[in-house]
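Down below is the structure, laid out as structure tokens.
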Amino acid sequence: MKTQSQKQEQQIAKMVGGRTQANSGGTRFGGGDVHTKNFLIEAKTPLSDKASFSIKKEWLDKAQEQAFEQAKDNYALAFRFGPDEPDYFVIDARLFRQLVQHLEEEE
């Protein structure tokens, strides 16, 4: 349902200080559901609660391609196990390494 997707996108945008992309799936260029200065986030949410959630490689490839087209340094895939469940994020090894280094330096 579109409203569940929009709710997820709005919550992510608020969390990261970004903005949602109107009609994100309906344009040839642009795309991505949530944008910040250096990040593109593709969001996926099921209509009902699930015990598992399959990640499609094409979703990650699409997010990477759209981030490149929009000159964004980073991309992620956000997903939930249900409409009112918390978000989880899939990132690549380069970004995960940067995150670990940043967190280790803070201690």
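Taking segment 57-101 as the range and being more than 21 Å from Gly18 (Cα to Cα), of a type outside the set (A, V, I, L, M) and open to solvent by 50 Å² or more (accessible area, probe 1.4 Å) as the test, the residues that pass are Lys57, Glu58, Asp61, Phe81, Arg94, Arg97, Gln101. Taken as a whole, the structure places Glu106 among residues that are open to solvent by 70 Å² or more (accessible area, probe 1.4 Å) and farther than 17 Å from His35 by Cα.
Only a single item in (1) under 14 Å from Ser5 (Cα atoms); (2) part of a helix (DSSP H, G or I); (3) not hydrophobic (A, V, I, L, M, F, W, C) is not met by Glu58, and it is number (1). Identify the residue in segment 29-60 that is in contact with a helix residue (DSSP H, G or I) (Cβ under 7 Å, 6 or more places away or on another chain) and hydroxyl-bearing (Ser, Thr, Tyr) and, among all such residues, is farthest from Lys72 (Cα to Cα). Ranking the qualifying residues of segment 29-60, first place goes to Thr45.
A single member of Ser48, Ser54 is without any contact (Cβ under 8 Å) to a residue 24 or more places away in the chain, polar (S, T, N, Q) and surrounded by fewer than 17 Cβ atoms within 10 Å (Cβ to Cβ), and it is Ser54.
Considering Ala78, Ala13, Ala43, the condition of being part of a helix (DSSP H, G or I) and in contact with a strand residue (DSSP E or B) (Cβ under 6 Å, 6 or more places away or on another chain) is satisfied by Ala13 alone.
The values are calculated or read from the model by the stated rules, or taken from the named source; none is laboratory data. Keep in mind that what you see is a predicted model, and the values were worked out from it rather than measured. Here Cβ is always computed from backbone atoms with ideal geometry, including for glycine, and neighbour counts include all displayed protein chains. Calculation scope for accessible area: heavy atoms of the full protein, side chains included, ligands and nucleic acids excluded. Shrake-Rupley method; radii C 1.70, N 1.55, O 1.52, S 1.80 Å.
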